[in-house]
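**Q** Let me begin by handing over the structure; questions about it come next.
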Amino acid sequence: MRPQGLTTKIFLDSGDPKETKAALDLLGFLDGQTTNPSLIAKNPDAQARLARGEKFSAAEVLHFYESVTKEVAALIPEGSVSIEVYADAETPAEEMLEQGKEFYGWIPNAHIKFPTTAEGLKAAEMAVKEGLRVNMTLVFSQEQAAAVYAATKGAKKGGVFVSPFIGRLDDRGENGLDLISNIVQMYRRGDRHAEVLAASVRNLSHFVRSIELGADIITAPLKAIQEWAAAGMPTSGEKSGVKSEKLQPIPYRELDLVQPRQSYNIRHELTDSGIAKFAADWNNLIDAGK
């Protein structure tokens, strides 16, 4: 069951409802789940279909994604399920919004994931005004998080998630946990309408340090959740897993949260490469001739 005093919500990062059941059985609770095109592509049923040489049509793959999210949502009816729009480097905000509105109708507990790009922020700004809950993904800088805050002003608490990716920053020698700390600190000066969702969690140290740093939510693959459970679900004191002294610190920046979203420098190469990877994995499921 949930550790006493734990206020951070725990999400599973997966496109497989069987893993949702496994996490629920292991922890005794689960506060939500995040999905993305790459995770849906890894779903065993999708992989089995590809192994048979049978790709999806564009309509079929959307139906498959819908069926997965409905199964997950039924398992955690009080939680949140994040559904990601398809976006590549050329996708306009209006197209993202139309997808988001369609996906939002699939389940009653959806957050719609938009990429943290100029078009993604524009889509989120419009989505929030239409009453949609959003999860801004592929966040790799404090300026991107500031832009999300600006774009989603007026949203209710719980209606906006910001997803900084710890592991992908670690991969290139930067301390991804510093970004969690910096965004949490920056958001404390605001109205708290946007919540920090620690993503790309790779190990026990990422998990526990995110709790210690005050992340509102952690989303982690089943392997990392299993590691946390095996350690007794610690909420502090775990120092193993990442040798932070080998990682370049990410310094805190004083940013003014009252500026318009367009005033922040949101470009980041990891956001661009992340979008390209998600699009490629999604497109690999689809038979262009269907």
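**Q** What are the residues in segment 178-191 that are part of a helix (DSSP H, G or I) and either under 14 Å from the mean Cα position of the chain (by Cα) or surrounded by fewer than 24 Cβ atoms within 10 Å (Cβ to Cβ) (or both), if any?
**A** Within segment 178-191, 178, 180, 181, 182, 184, 185, 186, 187 meet the criteria.
**Q** Okay, moving on. If you take the residues of segment 80-119 that are farther than 18 Å from residue 14 by Cβ, touching a Ser or Thr at 6+ places or on another chain (Cβ under 7 Å) and of a type in the set (Val, Ile, Thr), which of them is surrounded by the most Cβ atoms within 10 Å (Cβ to Cβ)?
**A** Here the residue is 116.
**Q** How many residues, within segment 19-44, are of a type outside the set (S, T, N, Q) and either loosely packed, with under 14 Cβ neighbours inside 10 Å or in contact with a Gly (Cβ under 8 Å, 6 or more places away or on another chain) (or both)?
**A** 10
**Q** Follow-up question, since we're still on this one. What number goes with the only condition from (1) in a helix (DSSP H, G or I); (2) in contact (Cβ under 8 Å) with a residue 40 or more places away in the chain; (3) buried (at least 21 other Cβ atoms within 10 Å of the Cβ) that residue 228 does not pass?
**A** (2)
**Q** Does any residue in segment 1-21 that is in contact (Cβ under 8 Å) with a residue 60 or more places away in the chain and over 14 Å from residue 36 (Cβ atoms) come within less than 9 Å, Cβ to Cβ, of a residue that is surrounded by fewer than 21 Cβ atoms within 10 Å (Cβ to Cβ) and hydroxyl-bearing (Ser, Thr, Tyr) six or more places away or on a different chain, and which pairs are these?
**A** Between residues of segment 1-21 that are in contact (Cβ under 8 Å) with a residue 60 or more places away in the chain and over 14 Å from residue 36 (Cβ atoms) and residues that are surrounded by fewer than 21 Cβ atoms within 10 Å (Cβ to Cβ) and hydroxyl-bearing (Ser, Thr, Tyr), the close pairs are 3/235; 5/235; 6/235; 8/235.
**Q** Output the number of residues of segment 192-214 satisfying the condition of being within 17 Å of residue 138 (Cβ to Cβ) and part of a loop (DSSP other than H, G, I, E, B).
**A** Looking only at that region, the number is 3.
**Q** Only one of these is outside any strand (DSSP E or B), among the charged types (D, E, K, R) and touching a residue at least 40 places away in the same chain (Cβ under 8 Å): 60, 98, 102. Name it.
**A** Among 60, 98, 102, only 60 is outside any strand (DSSP E or B), among the charged types (D, E, K, R) and touching a residue at least 40 places away in the same chain (Cβ under 8 Å).
**Q** Follow-up. Suppose the filter is at pLDDT below 95 and among the hydroxyl-bearing types (Ser, Thr, Tyr); does residue 244 pass it?
**A** Criteria met by residue 244.
**Q** All but one of (1) surrounded by fewer than 16 Cβ atoms within 10 Å (Cβ to Cβ); (2) modelled with pLDDT of 95 or more hold for residue 195, so report the exception by its number.
**A** (1)
The values are calculated or read from the model by the stated rules, or taken from the named source; none is laboratory data. As the structure is a computational prediction, the values presented were derived from the model and not from experiment. Neighbour counts are summed over all protein chains in view; Cβ atoms, including those assigned to glycine, are modelled from backbone coordinates with ideal geometry.
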